[in-house]
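Peer 1: This is the structure I have questions about; it appears just below.
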Amino acid sequence: MIRRRFVNIVAENYKSGMCSLHRLDVSKHLFYPSTAEAAAAAVYNGGGKAPQAPPIPTLQRLPPPCMSFPRPHTMGFFALVSPRSSEGRILRCSLAGHSLLYDADSDSIGTMPSSQGFTGITPKIISTGQPDALEEDLYVLHDDGFDVLRFGPEDRLVYRPMGRKAWHWESLQRPPFDNIIGSHSVVDGGRTICVSSSPDGFGTYCFHTVEREWWQSGCWVLPFVGGAEYVPEFKLWLGFFPTNPYHLCATRNLSVMEDLIAMEKPPTLHTLSDLDTPKNWSALRFKLLNLGGGRFCVAGVFEEIVGYTEDESDGFSELEAVRPEFAVLTGVELVTDSSSGDAKLEGFQIVSHKSVRYMFMEDRFKWEL
């Protein structure tokens, strides 16, 4: 996977409803030049005692937009195309399935085929492909069906010059469940997609991208919330713990397909990092962006509770007011803990670099890519 230079942010303007694409330089805002400098900064802010994250600076304005898009009521989703090899190709797909591809690196727009129909308001977008594939497949799982955007030979019924490849949509077998998806990830070298319900739902189902078949793995669920990222450099999966305070956690128990088939309980989860947010910050959503080379961006959207108090007698909190929402982007790095060795999962640690806070005053984050 490439080592990314930018985090792509799609922001919606409150007044106009227009969406714009902004590219945040990670070397400037999210990462120190080295892991050692990040660790030294944490020690310095801890006053020589326990390492402590520095105060979070506020980003006064986003970088200049490189592209604007129509109002979001016509928009289904945005997605990064082939994220292992590209960081600037942004797919925009409307609710009706009309698509276009914007390349931020070349500042160009390309046409894309329309999807098979309605894509849903909040579909699950999963990108995966074989290691030697020219482009990754983009799977879209939504309320009305299951589709994939592929780069390859088109439908045999449509005449094309021999050997020609192009982007095209294909409808897939509908998933055999009807509940809300709580978590998802890709396993088996990119060949299998796993999706789980909430703990009291349908359990976990898997979709084989080659055989194109669904099968139920068990009544257990993936121990994450949202999407979990596979980190090939360390052969583990990284994601968020499913309950507050949403620690960064990891597991290796998804690496062997035979074990996944025979699994009867959730994979073992190990906590690697506490995001260390103030108690009066209420998390609305989190997303983990893989930036390559063991580096990640943790994108969180919060609301701040004013007058937060916690009653020690019953454990309940009393709220007085809620301030406008805001986003916090944090650069983190997964490294080997030399003091523990690297033979086990406990031999890894998360090093936090920099964070930046952006208040939702004139616009708000809709997608982080």
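Peer 1: Pairs Lys235/Lys354; Lys165/Lys287; Lys165/Lys235; Lys15/Lys279; Lys124/Lys366; Lys28/Lys124: which exceed 21 Å Cα-Cα?
Peer 2: The pairs that break the limit, which is 21 Å between Cα atoms, are Lys235/Lys354; Lys165/Lys287; Lys165/Lys235; Lys15/Lys279; Lys28/Lys124.
Peer 1: When ranked by the protection proxy of mean other Cβ atoms within 10 Å per residue, highest first, what sequence do the peptides 111-117, 5-11 form?
Peer 2: Final packing ranking: 5-11, 111-117.
Peer 1: Could you list which residues have their amide H under 5 Å from that of Tyr32, counting only those 5 or more apart in sequence or on another chain, with H placed in the peptide plane?
Peer 2: Long-range HN contacts for Tyr32: Lys354.
Peer 1: Given a cut-off of under 8 Å on Cα pairs at least six residues apart, what relative contact order in percent is computed for the stretch 1-143?
Peer 2: For the stretch 1-143, the relative contact order is 17 percent.
Peer 1: Follow-up. Taking the Cα centre of the stretch 66-137 as the origin and placing charges on Cβ (Lys, Arg +1; Asp, Glu -1), which of Thr128, Met67, Leu95 is farthest toward the positive end of the dipole?
Peer 2: Leu95
Peer 1: Cβ neighbours within 10 Å, averaged per peptide: list 215-225, 355-365 in order, most packed at the top.
Peer 2: 215-225, 355-365
Peer 1: Report the relative contact order of the stretch 124-241, percent, no decimals, based on alpha-carbon pairs under 8 angstrom and at least 6 residues apart.
Peer 2: Value for the stretch 124-241: 16 percent.
No value in this document is a laboratory result; all are computed from the given coordinates. In this text the structure is predicted, and so the values were computed from the model without any measurement. Every residue, glycine as well, gets a Cβ built from its backbone with ideal geometry; the counts of neighbours run over all protein chains shown.
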